[in-house]
Protein chains: 4
Amino acid sequence: MDDIIMITSEEPELNEPILIEGLPGVGNVGKLAAEHLVEQLKATKFAEVHSKYFPPQVLLDDDGVIRLVSNDLYYVRGEGERPDLIILVGDYQGLTPEGQYELSDHMLKVAMDHKVKRIYTLGGYGIGRMVEEPRVLGAATSIKLVEEMKEKGVVFSKGEPGSGIVGASGLLLGLGKVHGMEAVCLMGETSGYFVDPKGAEAVLRILSALLNVEVDFSALQDKAQQIDVITSKLKETEAPQEKRREDLGYIG
Amino acid sequence: MDDIIMITSEEPELNEPILIEGLPGVGNVGKLAAEHLVEQLKATKFAEVHSKYFPPQVLLDDDGVIRLVSNDLYYVRGEGERPDLIILVGDYQGLTPEGQYELSDHMLKVAMDHKVKRIYTLGGYGIGRMVEEPRVLGAATSIKLVEEMKEKGVVFSKGEPGSGIVGASGLLLGLGKVHGMEAVCLMGETSGYFVDPKGAEAVLRILSALLNVEVDFSALQDKAQQIDVITSKLKETEAPQEKRREDLGYIG
Amino acid sequence: MDDIIMITSEEPELNEPILIEGLPGVGNVGKLAAEHLVEQLKATKFAEVHSKYFPPQVLLDDDGVIRLVSNDLYYVRGEGERPDLIILVGDYQGLTPEGQYELSDHMLKVAMDHKVKRIYTLGGYGIGRMVEEPRVLGAATSIKLVEEMKEKGVVFSKGEPGSGIVGASGLLLGLGKVHGMEAVCLMGETSGYFVDPKGAEAVLRILSALLNVEVDFSALQDKAQQIDVITSKLKETEAPQEKRREDLGYIG
Amino acid sequence: MDDIIMITSEEPELNEPILIEGLPGVGNVGKLAAEHLVEQLKATKFAEVHSKYFPPQVLLDDDGVIRLVSNDLYYVRGEGERPDLIILVGDYQGLTPEGQYELSDHMLKVAMDHKVKRIYTLGGYGIGRMVEEPRVLGAATSIKLVEEMKEKGVVFSKGEPGSGIVGASGLLLGLGKVHGMEAVCLMGETSGYFVDPKGAEAVLRILSALLNVEVDFSALQDKAQQIDVITSKLKETEAPQEKRREDLGYIG
């Protein structure tokens, strides 16, 4: 079988769309943010990507109907100031370095076929402690983009993240730059210990300003509150494990 | 060498056969069930599959004659209400995600060559504690199949198994669905700590009703009793390790 | 680069040669035996095999000159009752299952090119305790070969080795059988804790009788004595770790 | 995508250049030495190598602009007695044995395209204890080269390094020898516990004499002093872990 199988249900004609990526990673910040955007904009799935670089696994819906794990591509047409969007979400990232490279290369080819003008990748930046007001850190393929992002409130802090960006959120920038594409990574601060809707909201607030998207954050805020309840219960029973902090890299 | 080598000793002409898969997994439930069916129906081996995705290993028979580890395909012609069957059993599943995908894809191609009408995959569902009356949980490629299975006593329980189905029993459904095939996974509850003939019997009771197969369960019941003797001895010496429960996923 | 690179320095014309394999494994029994045979018969190297399935490593001779790790093929012409021989020795086995399969497949193709009549693979059988008089266990591709070997003193013991034979010594039989070749594995009992020249001697005594080779064992016996000195010193300082016994499989 | 992607910004015409390799490894000795040479000679980057054998990672500069991890090729033209040089530095070595072989093979093909006359690979030799006056050990593809190196003060010590040389510094010699190329590995002694500019200086002193290069070592010496301050502080708080010594191999 092919290493990567893309099943396309529709070939939307889009006008210089923006690609947004949010796959599982630190605190699932990127995935939560991108999925929230898909829901808010009622985006339409047009392609499913399966691959032997994903786990050999099916997931079940509430009825007991299975689906093979996948990465999925959605689109939504622009409206007013809002550009056309392609949104990449999914169950997993590639399991191996080879898989990561092949999958990101595949997505970039899809992006180029659709004449994608710019890429935003979304992720979390694990800092090893709880954070009340998460900053959104940035990285970009050019200094011009860095300057543009700074104006929108994205933080560029020398030496953060120190070990670079690992995974799809990094590779889409790295391989994208090799192909001459403009790309920005937005990383919401997160403890790294829990799924973090608060980090996702922070990232999405910046992104929605960049894209002129109106987003209702109440669903994310509800999830954040549920997580808060759980974590405050945990805090009562055990002290934070500060020592683990050095293990936290950025994968997103 | 080719990644997968199939050595075919016979090309049986079959009439819309049903494919049944039972490979090693949790409690070896699927393997025990499928092997018991091969024995009961005196099925005939028609193909051996070797692969570099299996361990580099030979097994010895009682005389000291070796055979390369394999997955084997058997067939048995229908009789009365019983349809033609192809049964897939074997020593191992693919060792890597890539191997899992390639082997399942290969088996699906064989199935399509033989115009297989439906697939049943058999496995165990590890629940981390001893179980007296194992339920048989199900998953399927369509809601229509789910309804059909419910009528036959298969349990569809929201959120079980929570992490989906990993391995051949899942992939044959997931990739099968991509190819437009009908497929059902039957999972017998099992502790996950021991080879479990009782779980295999539960699965096979459902399957034999679905296929109008008459099965004598005495050999499986003998094996179950032997396991019971061993486990009750173990229980006397050590308390059950409840803590390990969260490690148990489903692989089948 | 090619997955496997064979550099051939000579193309000897041989008369239905016997292939003997002795690569690193349990107690290095097979490797010691095959290397001793190369030395005793003053066999001539005719091919070096390099591969990305081996470690990315060079070894140094006493002068500081490097050589890339390899598997090497030697030949020696027959004399009187002794047949022509090809002997396979080397630094490593393939690091992955894929590598194991590809390398064994490659060696079998070389064997078929040279019209090899029979294969003997040499290995150790780890039994987890010191052994004074190591037996030589056998496995073969046919019952006829098993009977022939029994007559020569090879032990065929039901259930030994219980987990089959892993690695080149197994695969050359397993894949060889698929290609219709005659092959025997000879396994010298060994503790599995040390490099074991005594096990190698036991294997080589059987093999030399099978091949009508005269072998002087004094060099192997000297090595065995050196190991004995080391192990008896170790015995004084620590008790044997019987618990580890279950970890010992057979790799040869 | 291709397994290895080379992006060439310039095709310099060079006169029988010498290839120098310094990639990450034990104490980062080789990398530090080669990077220092690039700086001192103001060498010009002419090619970037990306690969799925590297981690799926981008690194950030101080401004927040990313670059995909890479191995980079620099050149500098000769002057007087100094020959033309190609210098290979980079962020990572290949992550797998296959990657190591493929990347070294790629670099050798580049070297052959440029008619490289000789290769020097630079690395560290971990000895598990602090060392005041690091020796520079050698390994080479021929006895003639060994003799030539001995005259320049390179130490060839029987049995050092005992386990050979693992990684690019070894493979460029091993695969280079297969292709008939002259190559030498220079290994600076280092504890193996820290990044070691002192080991790098020792290697570079030998290399600069071999190549008639004038090198100012003050920047390396400053780094060495910083490391000394850190390690002496550590010494006060904990005793050296002598036990770890056996874990140290050579990777360079």
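A few notes on this one:
- When D:L145 is tested against the conditions (1) in a helix (DSSP H, G or I); (2) touching a helix residue (DSSP H, G or I) at 6+ places or on another chain (Cβ under 9 Å); (3) over 13 Å from C:P56 (Cα atoms); (4) aliphatic (A, V, I, L, M), the lone failure is (2).
- The set of residues in the stretch C:55-77 being farther than 24 Å from D:V146 by Cβ and either touching a helix residue (DSSP H, G or I) at 6+ places or on another chain (Cβ under 9 Å) or among the aliphatic types (A, V, I, L, M) (or both) consists of C:N71, C:L73, C:Y74, C:V76.
- Note on the stretch D:124-169: among residues that are facing chain C (nearest Cβ under 10 Å) and among the charged types (D, E, K, R), the one that is nearest to D:L204 (Cα to Cα) is D:K150.
- Odd one out for C:T8, checked against (1) of a type in the set (S, T, Y); (2) within 11 Å of chain D (Cβ to nearest Cβ); (3) surrounded by fewer than 22 Cβ atoms within 10 Å (Cβ to Cβ): (2)
Condition check ((1) of a type in the set (A, V, I, L, M); (2) closer than 24 Å to A:Y101 by Cα; (3) crowded, with 24+ Cβ neighbours inside 10 Å; (4) in contact with a Leu (Cβ under 6 Å, 6 or more places away or on another chain)) across all residues:
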{"site": "A:V146", "(1), (2), (3), (4)": "yes, no, no, no"}
{"site": "A:E151", "(1), (2), (3), (4)": "no, no, no, no"}
{"site": "A:G164", "(1), (2), (3), (4)": "no, yes, no, yes"}
{"site": "A:G167", "(1), (2), (3), (4)": "no, yes, yes, no"}
{"site": "A:P197", "(1), (2), (3), (4)": "no, no, yes, yes"}
{"site": "A:K223", "(1), (2), (3), (4)": "no, no, no, no"}
{"site": "A:D228", "(1), (2), (3), (4)": "no, no, no, no"}
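- Top-ranked residue in the stretch A:170-190 [being in contact with a helix residue (DSSP H, G or I) (Cβ under 7 Å, 6 or more places away or on another chain) and farther than 28 Å from D:S9 by Cβ; ranked as farthest from the other protein chains (Cβ to nearest Cβ)]: A:T190
- Flag if A:M130 is touching a residue at least 60 places away in the same chain (Cβ under 8 Å) and either of a type in the set (D, E, K, R) or more than 27 Å from D:S51 (Cα to Cα) (or both): yes
- In the stretch A:78-96, the residues that are surrounded by fewer than 22 Cβ atoms within 10 Å (Cβ to Cβ) and either within 18 Å of the chain's Cα centre (by Cα) or within 20 Å of A:R118 (Cβ to Cβ) (or both): A:G78, A:E79, A:G80, A:E81, A:R82, A:P83, A:D84, A:D91, A:Y92, A:L95
- The set of residues in the stretch D:109-130 being small (G, A, S) and in a loop (DSSP other than H, G, I, E, B) consists of D:G128 alone.
- Complete set of residues in the stretch D:35-71 that are hydrophobic (A, V, I, L, M, F, W, C), part of a strand (DSSP E or B) and free of Cβ contacts under 8 Å to residues at least 24 places away in the same chain: D:V58, D:L60, D:V65, D:I66, D:L68
- Among the residues of this structure, D:T96 does not count as one that is touching a strand residue (DSSP E or B) at 6+ places or on another chain (Cβ under 8 Å) and facing chain C (nearest Cβ under 10 Å).
- Test result for A:E11, farther than 30 Å from B:M149 by Cβ and of a type in the set (D, E): yes
- Number of residues in the stretch C:209-229 that are in a helix (DSSP H, G or I) and more than 16 Å from C:M149 (Cβ to Cβ): the value is 12.
- Some residue of the stretch B:57-69 being more than 14 Å from chain C (Cβ to nearest Cβ), surrounded by 22 or more Cβ atoms within 10 Å (Cβ to Cβ) and of a type in the set (S, T, N, Q): no
- Screening the stretch D:112-123 for residues that are over 17 Å from C:I66 (Cβ atoms) and surrounded by 15 or more Cβ atoms within 10 Å (Cβ to Cβ) and picking the one that is farthest from the chain's Cα centre (by Cα) gives D:H114.
- Lone unmet requirement of (1) within 26 Å of A:A224 (Cα to Cα); (2) in a strand (DSSP E or B) for A:E133: (2)
- Matching residues, the stretch B:13-35, being of a type in the set (A, V, I, L, M) and crowded, with 22+ Cβ neighbours inside 10 Å: B:I18, B:L19, B:I20, B:L23, B:V26, B:V29, B:L32, B:A33, B:A34
A quick yes/no check of all residues on (1) modelled with pLDDT under 95; (2) aromatic (F, W, Y); (3) under 22 Å from A:P17 (Cα atoms):
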| site | (1), (2), (3) |
| --- | --- |
| A:L60 | no, no, no |
| A:D91 | no, no, no |
| A:L122 | no, no, yes |
| A:E132 | yes, no, no |
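- If the condition is being crowded, with 24+ Cβ neighbours inside 10 Å and under 15 Å from D:G25 (Cα atoms), then the stretch D:124-143 contributes D:G124, D:Y125, D:G126.
- Taken together, the residues in the stretch B:47-77 that are more than 18 Å from the chain's Cα centre (by Cα) and among the hydrophobic types (A, V, I, L, M, F, W, C) amount to 6.
- Comparison of B:Y75, B:Y101 shows that the only residue that is at pLDDT 95 or above, touching a strand residue (DSSP E or B) at 6+ places or on another chain (Cβ under 6 Å) and buried (at least 19 other Cβ atoms within 10 Å of the Cβ) is B:Y75.
- Condition check for A:V38: crowded, with 24+ Cβ neighbours inside 10 Å, of a type in the set (V, I, T) and closer than 30 Å to B:S142 by Cβ: no
- Residue list for the stretch C:164-201, restricted to those being within 17 Å of B:L68 (Cβ to Cβ) and either in a loop (DSSP other than H, G, I, E, B) or more than 15 Å from the chain's Cα centre (by Cα) (or both): C:G164, C:G167, C:G174, C:L175, C:G176, C:K177, C:V178, C:H179, C:G180, C:M181, C:E182
- Which numbered condition C:I206 fails, given (1) under 16 Å from B:D61 (Cβ atoms); (2) part of a helix (DSSP H, G or I): (1)
- When the stretch D:1-34 is limited to residues that are in a helix (DSSP H, G or I) and β-branched (V, I, T), the one that is farthest from D:Y125 (Cα to Cα) turns out to be D:V29.
- Residues in the stretch D:99-123 that are in contact (Cβ under 8 Å) with a residue 12 or more places away in the chain, over 19 Å from D:G25 (Cα atoms) and either more than 11 Å from chain C (Cβ to nearest Cβ) or out of contact with any helix residue (DSSP H, G or I) (no Cβ under 7 Å at 6 or more places or on another chain) (or both): D:H106, D:V110, D:A111, D:M112, D:H114, D:K115, D:V116, D:K117, D:R118.
The values are calculated or read from the model by the stated rules, or taken from the named source; none is laboratory data. As the structure is a computational prediction, the values presented were derived from the model and not from experiment. No Cβ is skipped: glycine too gets one built from the backbone with ideal geometry, and neighbour counts run over all protein chains shown.
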